Each structure stands twice: as C-alpha cells, then as structure tokens.
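Notes to accompany the following structure.
The values are calculated or read from the model by the stated rules, or taken from the named source; none is laboratory data. Because the structure is a prediction, the values reported are computed rather than measured. With ideal geometry, Cβ positions are generated from the backbone for all residues, glycine too; neighbour counts draw on all protein chains shown.
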C-alpha cells in the first residue's frame, strides 16, 4: 500500500542553467519555441535566462517555498537544463523516477549528482529508483511531469499523447506507481499535437486549469472534465490563446503561510478578471517574468520546477 500523498509540496528542485539557448533538437515537436530572428530580443539569452531563473527562485523563497538549486554543468551543452521536471520526479513513498526523453541532447540533463545533492542537502530519504530510460532505445518517450499532470491525491495521471508521450511508457508508469491513466489527444489551434500535457492543464488541491478546446474529441474532453469534477476540482477553462501564453503552465505549492500558485507574468496577464479571481480564491499568486525562457525554451514556470514529495530524514536546509 503506497503512502498517501498530498497534492502540493513545499519543496522544489530547480537547475540553474549554464548554457541556455534555443534547442533545435526539440523545436520540431514544441510549437511554443521561437527562434529569435535577431539579437535585439535578448543580446545574451544565456545570461538573461540566469537572471530570470534567479528571480523566480527568490520569489518562491519569499513565498515560503524551500527551493533547492543545483547548478548545470557547462559541458556538455544542455540548453534545456533548467527544465528538470522532464527527467525526474520525486514521490512520497521515497520513489525517484527517471524518464526517457526524445531529444538526444537533453538526456545529459539526467545527472546522478543532482539527485545526490538534493538527498544530502534536504535530508531526503530515497527508497526506490524506477528507471524508464531504457525506453529511449525503443524510441518511446515519457517526459516526466511535462508529459504527466498528476492528481496525486486520487492517483490519476492525465496525459495527452504526442511524440514525447508514448502510451506504452504511460502504462508502465501507471503500473509501477499505482496510478490510473486518463490519456487523450490534444492539438493546438493549428491542429499540431501539443508536446506536453502541462502546457494545457494544471491541477491543484481544489482546482484544475484546462484548455478544454485543445481536446478535440468530444468524448475525450467530456471524460477529462468529468473526472476532474468527480475528484472535487473547480475547473478554470482557458482558451487556445491563453494556453499559448502559458496560462496552463502553473504549479500550486504549499508555502509557509499557505498555498501558492506560481506562474509567469505573461500567463497571469493573459487571464481575465474571472479567471484571476478563481485562482486567487485558491492560493496566493506568485507571478514572475521569464520572457526569454518562454520564447526560446518553449516552457513556462511550471516546467522549471520539479516538486519534491520525498520523505525527510530530519530538518532540511535551504540551498
């Protein structure tokens, strides 16, 4: 019997980038990425990404979140290293899951020293490793809590199928972690498969943000929304354009003074008054600008945060 797991945690792992930039290996499946036509947007995007990263980490700490920071290594170049939730997830029963990733140049992000640093600095207890990375040899991928949006309380894993989210690997995850699967197809306004589930939906303790129109099949859409309502979630529906502005890419956490929802200022600005009010009733809002990371990396605030649900061996230190 797995230990009961709360939806939100008060601790996250972040990886400070060493060589952030536009990753051509991921662009074919990530329509959110935008290659800069010239240098006027960000003359030094790597340096700008570090500034955006540090501002987010600082804002989360002010909100009472324990932020554990690991530094990326300069070699080999890992342009997406600041998105650690794609290669690892941490669970209340002491499990650490390692995931298969589509882009070869992203696989170097999986670094044992990051897990060891986290275990040491946070006094976390790790009792089981589940390594799904062997699936890369089969060209089957599942990119962590990018591919998976987890309702940890009801043990439900939501996932939209894409080149980065394989149904067979989903099944293995569900079996090994004791989750029920809700899989579906989702496309953007141009009928392109959405690369990661966590750009179209997010789940908190009592709410869910969903771009329902992206789930084109009416039966699948009804199934997703019905399941969310059945598990007690108030649904905040967002549009294609709001999804494009990363409004679905947010994360609820448990701060020192209560729940916190972290998202980018781009995402927050895209929401209307009613949507903002619905979220503000749930938690304090932490909105931070990360335009360089969103534009070149094609990911938002949620993508930068790997939640730590591991049990602890004692008081932990902030990095």
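Residues checked against (1) outside any loop (DSSP other than H, G, I, E, B); (2) under 19 Å from the mean Cα position of the chain (by Cα):
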residue	(1), (2)
153	no, yes
198	yes, yes
232	no, no
242	yes, yes
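Pull up segment 1-50, narrow it to residues that are in a helix (DSSP H, G or I) and closer than 29 Å to residue 188 by Cβ, then point me to the one that is modelled with the lowest pLDDT.
27
With the structure loaded, tell me whether residue 80 is part of a loop (DSSP other than H, G, I, E, B) and either free of Cβ contacts under 8 Å to residues at least 40 places away in the same chain or touching a helix residue (DSSP H, G or I) at 6+ places or on another chain (Cβ under 8 Å) (or both) or whether it fails that test.
Against the criterion (part of a loop (DSSP other than H, G, I, E, B) and either free of Cβ contacts under 8 Å to residues at least 40 places away in the same chain or touching a helix residue (DSSP H, G or I) at 6+ places or on another chain (Cβ under 8 Å) (or both)), residue 80 qualifies.
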Examine segment 257-278 for a residue that is closer than 20 Å to residue 206 by Cβ, modelled with pLDDT under 95 and not in a helix (DSSP H, G or I), and state whether such a residue exists.
yes
Kindly establish whether residue 93 is in contact (Cβ under 8 Å) with a residue 60 or more places away in the chain, closer than 26 Å to residue 8 by Cα and crowded, with 22+ Cβ neighbours inside 10 Å.
no
Could you identify the single residue in 247, 216, 202 that is in contact with a helix residue (DSSP H, G or I) (Cβ under 7 Å, 6 or more places away or on another chain), outside any helix (DSSP H, G or I) and under 17 Å from residue 183 (Cα atoms)?
202
Looking at segment 301-319, which of its residues are modelled with pLDDT under 95 and either out of contact with any helix residue (DSSP H, G or I) (no Cβ under 8 Å at 6 or more places or on another chain) or assigned to a loop (DSSP other than H, G, I, E, B) (or both)?
313, 314, 315, 316, 317, 318, 319
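A quick yes/no check of all residues on (1) surrounded by 16 or more Cβ atoms within 10 Å (Cβ to Cβ); (2) modelled with pLDDT of 95 or more; (3) out of contact with any strand residue (DSSP E or B) (no Cβ under 9 Å at 6 or more places or on another chain):
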| site | (1), (2), (3) |
| --- | --- |
| 104 | no, yes, yes |
| 112 | no, yes, yes |
| 127 | no, yes, no |
| 152 | yes, yes, no |
| 167 | no, yes, no |
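So that you can scan it fast, the table gives a plain yes or no per residue for (1) under 30 Å from residue 21 (Cβ atoms); (2) touching a residue at least 60 places away in the same chain (Cβ under 8 Å); (3) out of contact with any strand residue (DSSP E or B) (no Cβ under 8 Å at 6 or more places or on another chain):
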{"site": "214", "(1), (2), (3)": "yes, no, no"}
{"site": "221", "(1), (2), (3)": "no, no, no"}
{"site": "235", "(1), (2), (3)": "no, no, no"}
{"site": "265", "(1), (2), (3)": "yes, no, no"}
{"site": "278", "(1), (2), (3)": "no, yes, no"}
{"site": "281", "(1), (2), (3)": "no, no, yes"}
Being closer than 30 Å to residue 43 by Cα, in contact with a helix residue (DSSP H, G or I) (Cβ under 9 Å, 6 or more places away or on another chain) and buried (at least 24 other Cβ atoms within 10 Å of the Cβ) is the requirement here; does residue 293 meet it?
yes
